[in-house]
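Participant: Dumping the structure here so I can ask a few things about it.
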Amino acid sequence: MGKDNYRRVFSNPRSLAVLLAVVLPILALVAGTSSPAYLAGSRGLAQDAPSFFRIGEKLSYNVSFGKFSNAGYAETFVASRGRLSGRDAVELRVRVKTLEMVSAAFFMVDETRTVYVAPDSGLPLYMTTNSRDSILPQERVRNYLTVPASGYDLLSVIYKARESSGAGTFPLFENDQISSVTFVPTNSERVKTDAGEFDTVVSIVQSPTLAEMGIRDLRINFTADEARIPLLIRFKTDKGDFRAIVTAISLPSPTTVSDLPIPTPTPSPVSIAKPSPTPEQYVDNRPLLPELGFQIGEVLEYGISAAGQPLARLTFNVQERKLFQKADNLLLTATITSVEPGVNTFQLGESARVRVNPETLAPNWAEMNFTSALPGLRQTVTFDSTTGEIKFGAAQGVDAPIGTHSVLSLFYAMRSFNLRPSKNANNPVNDTRVAVFWENRPYVFTLRPSNPAEITIGDEKVFAQLISINTLNPQLDRLALKVWLRASDRVPIRMSAGPLQADLISKSIRLP
């Protein structure tokens, strides 16, 4: 799933794909796609053989990551049963989507998968996967109607584990690789969720794929009843702990088998809606999350030079956190505060401003006003956080992934990225990919980290990590963009673009 995601969290280039397919579909759903025309018969078709699948069952999950309680969501849905090219088939759907800080700063996933499986064995018969986590949507189809599947995919294997009471070893075929996954039941736990309290049995999940990805201590709490619902999923990584817990369970309504097609069962929600809490009064300039690496009032002043000759001073400011268009926003600015006599490259007062989500740093509005020859530094842009559409110029619009950054918001967001260099320089699996809007379209910026090394800033020697940036924009890539992050606190202490270099002069706090 989603091998080309913008943020890579684990060391293997397939790791995020497998993570969100192994764990979140362990959780999750699909909403919205209808059965293909060749799935004949009604959704309530009388079952030809006994099956563990409960038509109409829908499970919804909330996903947390580290201190972020709303990192994403996932849902699974047993959508229908009917005929697929003359074969009895059950339709499974899953959707996974990351949100907030995880989506904007670590990785972005928005994927839907539909799998038609044999009701008795649970093995896939036909599969479609739609990914919307890159600039262009991608669709992939797998057809096992002629040549049988050699293993379960990452959705169907969860249902197989449920059928076997959370125990057993099963073949796994995902990302064109054959492996295995083992479920080992251990102790019992009582788990409280929004859908109620349940007695569960904890299964430890082991797989060579998980070890390769750096996933440790993966545990699934299956309910102790005959449904074996995967109620809670937990695992650890070097980047933080993931946790997914059920928020709602919908069960199929009872149906009567007859010679006539049975209508689609209407799911009956089990969970009871909680009363809406009283909205808290908004307070200006609330503290930011410590994970961001900076706070409101931070001022960074840089000296810009070319070939050793000073040109100007550039000041970055985390200016304020206030309501903007009735939404919580953080204002980030970059301003030319002084210019050396005779210098025409910069003008006093030129600036860039961006209003971002204070938790994810995804931009909502940006304004650039520089006299540079680069068009991307002279425009006003609005970002739709719901649809991903970006508008600029004379009301022009372009579709982009939700959470796409501006250059200024990326300057701050990269301070919270996990930029660990790859062990093998010839296999840069730890490159971080980020969607960034520039001029008139989004680009995929690739951030390649190096090992920290000693550099000289002014008269001071500092350990800093070089981040080389490739943009796929020929005009920008000719400038060989680079940023050096101080190893001790992740502050950018040097930046370079073509002949221009900006070195950190001072860091201070100016409270709003």
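The values are calculated or read from the model by the stated rules, or taken from the named source; none is laboratory data. None of the values given here were measured: they were computed from a predicted structure. All Cβ positions, even for glycine, are placed from backbone atoms using ideal geometry, and neighbour counts span all protein chains on display. Each accessible area value is taken on the protein alone, full model and side chains, heavy atoms only, with ligands, DNA and RNA left out. Shrake-Rupley method; radii C 1.70, N 1.55, O 1.52, S 1.80 Å.
Participant: Determine the shape class of region 124-203: with a ≥ b ≥ c the square roots of the Cα gyration tensor eigenvalues, call it rounded for a/c under 1.5, and otherwise prolate if a/b is greater than b/c, oblate otherwise. Display every interim value, and only then the final one.
Facilitator: Details: a/c = 2.78, a/b = 1.56, b/c = 1.78.
Judged from the Cα gyration tensor, region 124-203 comes out oblate (a/c at least 1.5, b/c at or above a/b).
Participant: Within region 282-308, name every residue whose backbone N is under 16 Å away from a label modeled 7 Å from Cα of E340 along the Cβ vector.
Facilitator: 302-308, by backbone N distance to the label point.
Participant: Evaluate E = 1/(1 + (r/R0)^6) for L511 and N143, where r is the Cβ-Cβ distance and R0 equals 60 Å; express this FRET efficiency to the nearest 0.05.
Facilitator: Working: r = 62 Å, r/R0 = 1.03.
Given R0 = 60 Å and the Cβ-Cβ separation, E is 0.45.
Participant: In region 408-512, what percent of the accessible surface is made up of carbon and sulfur (1.4 Å probe, ligands and nucleic acids excluded)? Display every interim value, and only then the final one.
Facilitator: Numbers: 2600 of 5100 Å².
Here it works out to 51 percent.
Participant: Please turn the phi angles of region 119-126 into ³J(HN,Hα) values with the Karplus equation 6.51 cos²θ - 1.76 cosθ + 1.60 (θ = phi - 60°), one per residue in order, whole Hz, x for glycine and proline.
Facilitator: Coupling constants for region 119-126: x, 7, 8, x, 6, x, 10, 7 Hz.
Participant: Then there is this: What does the charge count around N473 come to, taking other residues whose C-beta lies under 10 Å from its C-beta (Lys +1, Arg +1, Asp -1, Glu -1)?
Facilitator: Details: positive: R441, R478; negative: E439, D477.
Summing Lys and Arg as +1 and Asp and Glu as -1 gives 0.
Participant: Got a sec to turn the phi values of region 85-97 into Karplus ³J(HN,Hα) couplings, 6.51 cos²θ - 1.76 cosθ + 1.60 with θ = phi - 60°, whole Hz, x for Gly and Pro?
Facilitator: So the J values, rounded to whole Hz, are 6, x, 10, 5, 8, 10, 9, 10, 10, 8, 9, 10, 8.
Participant: What does the C-alpha gyration tensor say about the overall shape of region 360-420? Classify as rounded when a/c is under 1.5, otherwise prolate if a/b is larger than b/c, or oblate. Please list the in-between numbers first.
Facilitator: Numbers: a/c = 2.52, a/b = 1.23, b/c = 2.06.
Oblate.
Participant: Separate question: So, in Å, what gap is there between the alpha-carbon centers of region 181-219 and region 466-512?
Facilitator: 42 Å
Participant: Please state the shape class of region 417-512: rounded when a/c is under 1.5, otherwise prolate if a/b exceeds b/c and oblate if not, all from the C-alpha gyration tensor. Please report the intermediate quantities before stating the final value.
Facilitator: Details: a/c = 1.68, a/b = 1.26, b/c = 1.34.
Because a/c hits 1.5 or more and a/b fails to exceed b/c, region 417-512 counts as oblate.
Participant: Please give the contour-minus-distance gain from I457 to T386: 0.36 nm per residue of separation, less the Cα-Cα distance, rounded to one decimal in nm. Present the calculation step by step, with values, prior to reporting the outcome.
Facilitator: Working: separation 71, 0.36 × 71 = 25.56 nm, distance 4.20 nm.
So the chain would gain 21.4 nm between I457 and T386.
Participant: Suppose R0 equals 51 Å; then what is the FRET efficiency for A327 and T182 from their Cβ-Cβ distance, rounded to the nearest 0.05?
Facilitator: Details: r = 46 Å, r/R0 = 0.91.
Efficiency at R0 = 51 Å is approximately 0.65.
Participant: Sticking with this one: Once the piece of chain linking R441 and D120 is laid out straight, how much longer is it, given 0.36 nm per residue of separation minus the C-alpha distance between them? Don't jump to the answer; show the numbers that get you there.
Facilitator: On the way: separation 321, 0.36 × 321 = 115.56 nm, distance 4.84 nm.
Answer, rounded to one decimal: 110.7 nm.
Participant: Still on this model: Kindly write out, for region 480-487 in residue order, the coupling ³J(HN,Hα) from the Karplus curve 6.51 cos²θ - 1.76 cosθ + 1.60 (θ = phi - 60°), rounded to whole Hz, with x marking Gly and Pro.
Facilitator: 6, 5, 9, 9, 10, 9, 4, 5
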